[in-house]
Amino acid sequence: MFDTLSSRLRDVTSKLRGRGRLTEDNIRGVIRDVRQALLEADVALPVVKIFVANVRVRALGAEVSGSLNPGQVFIRILKAELVAALGAEDSALNLRQQPPAIILLAGLQGAGKTTTAGKLAVYLKQKQKKKVMLVSLDTRRPAAMQQLETLAASAGADFMAFKEGEQPTEIAGRAIVEARLRQSDVLILDTAGRTRLDQELLNELTELHVVCNPIETLFVIDSMAGQDAVLVANAFGEALPLTGVIITKVDGDARGGAALSVKTVTGKPIKFMGTGEKTDALELFDAERMASRILGMGDVLGLVEQVEEKIDREKAAKLAQKVKAGKSFDLNDLKDQLSQMMDMGGLSGLLEKMPLPGNVDTKALAQGMDDKLLKRQVALIDSMTAQERRFPKSIDGSRKRRIATGAGQAVPDVNRLLKQHLQMQKMMKKVAKGGMANMLRGLGGLGGGGFRPN
C-alpha cells in the first residue's frame, strides 16, 4: 500500500535538493506536485485540500526559515502532516470491560468483515492470550455464518450459530449470555453488510449498538474504496459511535487513499491493517511508522518485531551450528529459508520496511520473488527425493526432468533453483555468524539468484 504515493513524494522532495532555503517561489511547484500525488493516490479531495494547506503554512513558516537543507526539512514537514492525517492516537484495542469485552464490526458487504473477525480472534489469542468467541449477525447471508464458523475453528476460538428466524438483536443478546457462560474474554460480533449504503442497514446497526453496548465499534473498509471512502465513512460515523477503523486488503492496493481519507473523515484512529489472506495477516497500525515507510525511511522497529515473531530461533541456531561445523547447506535448508521468507511477506515485504535510498526501486529489486514464485520453488524441492535434497550435486539431466514434471514446471526452473542454492551456500557462512544484518543480507541475496518470472 502507498507505493504510488511514496514514489511521487520522493520525486517531489528531490526537486528541493541544492536549494538554499524554502521560499514562496520554489515551494509553489512542489506543493502543486504534492497535491497531484495525493489525488493520484485516490485521497478524497477535501482531505487533500486540508493536507496541502497545512504543508504550505508550515513550509513557509518560521520553523523552516533560513534552512540550509530544505529537502530534509520538507520531508520532516510531510512526515508530521502524514502522521496527523493517519492518526497519531494510540491504536490499541480497549478491552477494559466486564467480560466479555464486546467488539462490533460494521461495514459494507465485501469489505472483509468476516475475514477480519477471524484475524482479530487470532491476534487476540496469540498476542493477548484472550479467549475469544465469534458470532455472525448476518441473517441475510447464511454463508457468512458458515465462513465465520470455519474461521473460528482455524483460530481456536469459540463459535455460536444463530437459529432460523432469529433477528440480529436476538442473536446478539443470546451471544452475550453464551459468552459469559463460556467465560470468554472477548466477544466479536460480525454484522451484516450491503453492496451499497442502505438506511435499513444503518438502522439495524444503530439498534444493535444499543442492545450490545460494545466497548469497541470498528468500521471495516476496503483499502480500494478510494473516493467512496468519504461517503461511506460519513454514513457509518453518523449511525454509530465508532471507536476505530480497520483497513483491509492493503496488499492489493498501491494507492492507499482510503487510509488517508477515512481517519480525517471519521476522526477515529486506524487500529489495524489487513495485509494478506492468512489468518495472522493483521497488522497493528502505527501512524508514525507508516509515515516513515511512505517517505522511504523504512520501519526498522516493525522489521525487528516481524523477524522476532516469524524466525524459528531453534532452526536458525541449528542451521548456524551446522554451517559452522563445516556441513553443507542443502536444499532442505533452502526450503526452510524460503518458507520463513513467505511468512514475513516475501522479499518485497522486507524491503518495504528497510530504509533505502530514494533512487532504489524496491519493486524491481523484489521482482521474481513474490509468494507465488517462492511457492513454485518450494514445490520443486518437494518434488525431489530425500537423497537429492541432501546432495544437490547428484541431480543430473534425467533427475531434473523428473523433478520439473513432478512440480508442473520446466527444467530451466530447476536450473535456476540449483543456481540460487549455490549462491545461498556461499552466503551461509556469513549468516551463520548471526545478527540482523547478516540475516537480512542472506534473505536479500535470494533476489539476485537469477530467478525471474517466465
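Just so it is clear, none of the values below were taken in a lab; they were calculated from the coordinates. From a predicted model like this one, the values you see are computed outputs, not experimental measurements. As a convention, Cβ positions derive from the backbone with ideal geometry for all residues, glycine included, and neighbour counts pool all protein chains shown.
Projected label points at residue 402 and residue 24, each 7 Å from Cα along the beta carbon direction, are separated by 8.0 nanometres.
When the alpha-carbon atoms of segment 135-276 are used, the pair Rg, Dmax equals 15.5, 45 angstrom.
Normalised by the residues of segment 101-293, what does the relative contact order come to in percent, with Cα pairs under 8 Å and at least six apart? Write down the numbers at each step before the final one.
Values: 375 pairs, mean separation 49.3, N = 193.
26 percent.
Answer rounded, prolate or oblate for segment 63-219, using the Cα gyration tensor with square roots of eigenvalues a ≥ b ≥ c: rounded when a/c is under 1.5, else prolate when a/b is larger than b/c, else oblate. Write down the numbers at each step before the final one.
Details: a/c = 2.61, a/b = 1.99, b/c = 1.31.
Taking the square roots of the gyration eigenvalues as a ≥ b ≥ c, segment 63-219 is prolate.
Summarising the amide proton neighbourhood of residue 101: residues at separation of 5 or more, or on other chains, whose placed amide H is nearer than 5 Å comprise 186, 187.
Taking the DSSP beta bridges in segment 101-293 as the whole, what percent of them are antiparallel, to the nearest 5?
Bridges in segment 101-293 that DSSP calls antiparallel: roughly 10 percent.
Counting Lys and Arg as +1 and Asp and Glu as -1, what is the net charge of the other residues whose Cβ lies under 9 Å from the Cβ of residue 138?
On the way: positive: 113, 140, 141; negative: 190.
Its environment carries a net charge of +2.
Take the cross-link list 79/119; 125/375; 113/335 and give me the ones stretching past 32 Å between alpha-carbons. Violating the 32 Å Cα-Cα cut-off are 113/335.
In segment 113-167, which GluC sites (Glu not before Pro) are in a loop and have at most 13 other Cβ atoms within 10 Å, using DSSP for the loop call?
Details: sites: 149, 164, 166; in loops: 164, 166.
For GluC sites (Glu not before Pro) across segment 113-167 that sit outside H, G, I, E and B with at most 13 neighbouring Cβ atoms in 10 Å, the list reads 164.
Between residue 234 and residue 143, the simple spin-label model (points 7 angstrom out along Cα→Cβ) gives 3.2 nm. For segment 160-176, the Karplus equation 6.51 cos²θ - 1.76 cosθ + 1.60, evaluated at θ = phi - 60°, returns couplings of 10, 8, 8, 9, 4, x, 6, 8, x, 5, 5, 4, 4, x, 5, 5, 5 Hz by residue, with Gly and Pro reported as x.
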